[in-house]
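Let me begin by presenting the structure, written as structure tokens, before commenting on it.
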Amino acid sequence: MFKNPTIIKESFKGAPHTVATIKKAALAAQQHYSVRQLAEDICKDVRSKDYLSEMLAIYHYCCTNVNYRRDPRTIELVKAPWKVIEEELFKGRKPQGDCDDYSALLAALLLSIGCSVRIVTVAFKHMRYAGQRQYSHVFVQAYEPRSDQWITLDPVAGENTKAMHKRAVAAKIYPIA
């Protein structure tokens, strides 16, 4: 499964499997100094302990420095966040990725600065396969301790986050750390 550490590619096995892959990639990325280095650089002008501004700075960075691109038709691709940082962002390239790539990168950056993070999957239609609800989108939420709230960070939805999430008919939350 992890033959190429840059990309994890497998046949699509459903949202729980994709979430487990995102979680594993984000947690593994904490071992790489490049992830922390980028998070610190993004947040360098944010005041100490202004956790919401840190989250929003990282979110904004991902929105402006990564382009949305769908996966191949029958393959689930999840890019290793540390490789995206080292081989693309640090070299001035604009990475391409879908919602699971965004989620892995955001989660890794947020975890590297001590945020509690969770992954949320949503379904926009009442579809089932083999008795299981089918989820079609994933994003990250980070816990902001001062307000005691989970902050939604969804670069795919961007400024349309509220409207997009209103269309959701179901959601499932997966804690990371």
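Numerical summary
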{"read-out": "Total charge dipole magnitude, the chain, about the Cα centre, Cβ charges on Lys, Arg, Asp, Glu only, Debye to nearest 20", "value": "620 debye"}
{"read-out": "Amide H partners (placed H, <5 Å) of Ile151, local residues excluded", "value": "Ala142, Tyr143, Glu144"}
{"read-out": "Rough spin-label spacing in nm, given labels placed 7 Å along Cα→Cβ, for Ala130 and Asn67", "value": "3.5 nm"}
{"read-out": "Cβ-placed point charges (K, R +1; D, E -1), dipole of region 48-133 about Cα centre in debye, nearest 20", "value": "360 debye"}
{"read-out": "Which listed pairs, of Lys23/Lys83; Lys23/Lys79; Lys94/Lys166, have C-alpha distances above 21 Å, in listed order", "value": "Lys94/Lys166"}
{"read-out": "Positive dipole terminus of region 20-119, leading residue within Ser116, Ile75, Tyr51 (C-beta point charges)", "value": "Ile75"}
{"read-out": "Stokes-Einstein D (µm²/s) once Rh is taken as the Kirkwood radius of region 72-177 over alpha-carbon pairs, at 4 °C in 1.567 mPa s", "value": "86 µm²/s"}
{"read-out": "Compactness index (Cα Rg / 2.2 N^0.38 Å), the chain", "value": "0.99"}
{"read-out": "Environment charge at Thr161 (Cβ cut-off 14 Å; Lys +1, Arg +1, Asp -1, Glu -1)", "value": "+1"}
{"read-out": "GNM flexibility winner over the chain from Pro16, Pro72, Pro95 (Cα, springs under 10 Å)", "value": "Pro72"}
{"read-out": "Whole-Å distance, taken between Cα centres, linking region 36-51 and region 129-177", "value": "24 Å"}
{"read-out": "Relative contact order %, the chain, counting alpha carbon pairs below 8 Å whose residues are six or more apart", "value": "26 percent"}
{"read-out": "Helix-derived mean residue ellipticity, 222 nm - over the chain, DSSP H n ≥ 4, -39500 (n - 2.57), to 500", "value": "-11500 deg cm²/dmol"}
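Computed from the coordinates by the stated procedures, all read-outs in this text should not be read as laboratory data. Everything numeric in this text was worked out from a predicted model, so none of it was measured. No Cβ is skipped: glycine too gets one built from the backbone with ideal geometry, and neighbour counts run over all protein chains shown.
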